[in-house]
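Below you'll find the structure, written out as structure tokens, and then a few comments.
The values are calculated or read from the model by the stated rules, or taken from the named source; none is laboratory data. Everything quoted here is computed from the prediction, not taken from an experiment. Quick reminder, even Gly has a Cβ in these numbers, built from the backbone with ideal geometry, and neighbours come from all protein chains shown.
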Amino acid sequence: MRFSLLAGLLVSCALVSAYADTFLGVEVKPTQGTFLVTKDVNVRALPKTASKRLSRLKKGMKVTGAGRPKDAAWLAVRMGDKDLGFVYSPVLIPLIDGAVKGELRGKLDAGNNRACRYSIEFEGKSEASGELFEIADYEVAYACLHKGKMTKFIALMFLIEAPFKVSKALVHQLTIDVQGVGEEVDRAFSTNFLFNTKKKTLAFDGVSLKKFGRAPVLKKKSIDNIQHALKSAVEIAPSSWKESVWESLRKK
């Protein structure tokens, strides 16, 4: 009985040690990802305001998360290969990297006996107006066959790399824009999605011009990674467009 109890304690200790990492002598839970500094902040030797100040981060800088201590209000950070120290985490925004290599391709059923092929190509990143984070831009080429006729068109897609809800739910906006729908010459017809990186889901969030949209058959989907999110948005969007959208696209 004593042997079983001792063995159990040893296994328990091993699991705790495997779970915890050490950063500057402090046990932390391993954390990955890039974080944006939203205001000037001190870097501390310990996850305490009264601890020694090691350096200072300026607004707009980016750091890598190295772990979270027991006090989750702090984050251990590094820059490159250098361990910096602990930062008060509310001043940090977690970022995702929307860059993808190569072309993403696939097929989809847009409804009403309309079959489509598509390709997605990463175009680069642009600055968000008045913000410190960036937007990942993509070009989407659609080719859709309906009643023996092929309709080809280009859509623009963008992913905001910073979450717009910096709380427990890390939600990013993912939008597909199509130009020239209806009489809206200077205004894009947008199909919006919410990409939750914590729950790993993609949810349909409506269209910008209500008279041209409808609810798709699939409104929410589990997501593996950014590539999967991009492909899923491109595949879901056309099923949310009314026939009047397709009429406009055929005339282009």
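With respect to the conditions (1) farther than 30 Å from Gly213 by Cβ; (2) touching a Pro at 6+ places or on another chain (Cβ under 9 Å), Tyr142 lacks only one, and its number is (1).
Could you tell me whether any residue of region 240-250 is closer than 22 Å to Lys107 by Cβ, assigned to a helix (DSSP H, G or I), out of contact with any Ser or Thr (no Cβ under 9 Å at 6 or more places or on another chain) and among the hydrophobic types (A, V, I, L, M, F, W, C)? Among the residues of region 240-250, at least one is closer than 22 Å to Lys107 by Cβ, assigned to a helix (DSSP H, G or I), out of contact with any Ser or Thr (no Cβ under 9 Å at 6 or more places or on another chain) and among the hydrophobic types (A, V, I, L, M, F, W, C), which makes the answer yes.
Every condition in (1) exposed (fewer than 15 other Cβ atoms within 10 Å of the Cβ); (2) assigned by TED's automatic domain parsing to the domain that holds Asn196 is met by Asp81 except one, and the failing one is (2).
Among the residues of region 73-80, none qualifies, meaning not one is over 18 Å from Leu132 (Cβ atoms) and part of a helix (DSSP H, G or I).
Does Glu139 qualify as being free of Cβ contacts under 8 Å to residues at least 60 places away in the same chain, assigned by TED's automatic domain parsing to the domain that holds Glu243, out of contact with any Ser or Thr (no Cβ under 7 Å at 6 or more places or on another chain) and part of a loop (DSSP other than H, G, I, E, B)? So Glu139 does not fit the description; no.
Yes/no matrix, rows are residues, columns are (1) under 18 Å from Leu174 (Cβ atoms); (2) hydrophobic (A, V, I, L, M, F, W, C):
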residue	(1), (2)
Ala110	no, yes
Arg114	no, no
Lys125	yes, no
Ala136	yes, yes
His146	no, no
Thr151	no, no
Leu159	yes, yes
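The single condition among (1) among the hydrophobic types (A, V, I, L, M, F, W, C); (2) more than 30 Å from Pro216 (Cβ to Cβ); (3) under 23 Å from the mean Cα position of the chain (by Cα) that Ala45 does not meet is (3).
Checking region 118-130 against the condition returns a match, with at least one residue being surrounded by 14 or more Cβ atoms within 10 Å (Cβ to Cβ) and more than 19 Å from the chain's Cα centre (by Cα). The single condition among (1) surrounded by 14 or more Cβ atoms within 10 Å (Cβ to Cβ); (2) modelled with pLDDT of 95 or more; (3) not assigned by TED's automatic domain parsing to the domain that holds Phe133 that Lys58 does not meet is (1). In this structure, does Arg105 turn out to be surrounded by 19 or more Cβ atoms within 10 Å (Cβ to Cβ), basic (Lys, Arg) and either without any contact (Cβ under 8 Å) to a residue 60 or more places away in the chain or in the same structural domain as Lys39 (by TED's automatic domain parsing) (or both)? Answer is no for this residue. Among the residues of region 160-176, are any surrounded by 14 or more Cβ atoms within 10 Å (Cβ to Cβ), over 18 Å from the mean Cα position of the chain (by Cα) and at pLDDT below 95? Within region 160-176, not a single residue is surrounded by 14 or more Cβ atoms within 10 Å (Cβ to Cβ), over 18 Å from the mean Cα position of the chain (by Cα) and at pLDDT below 95.
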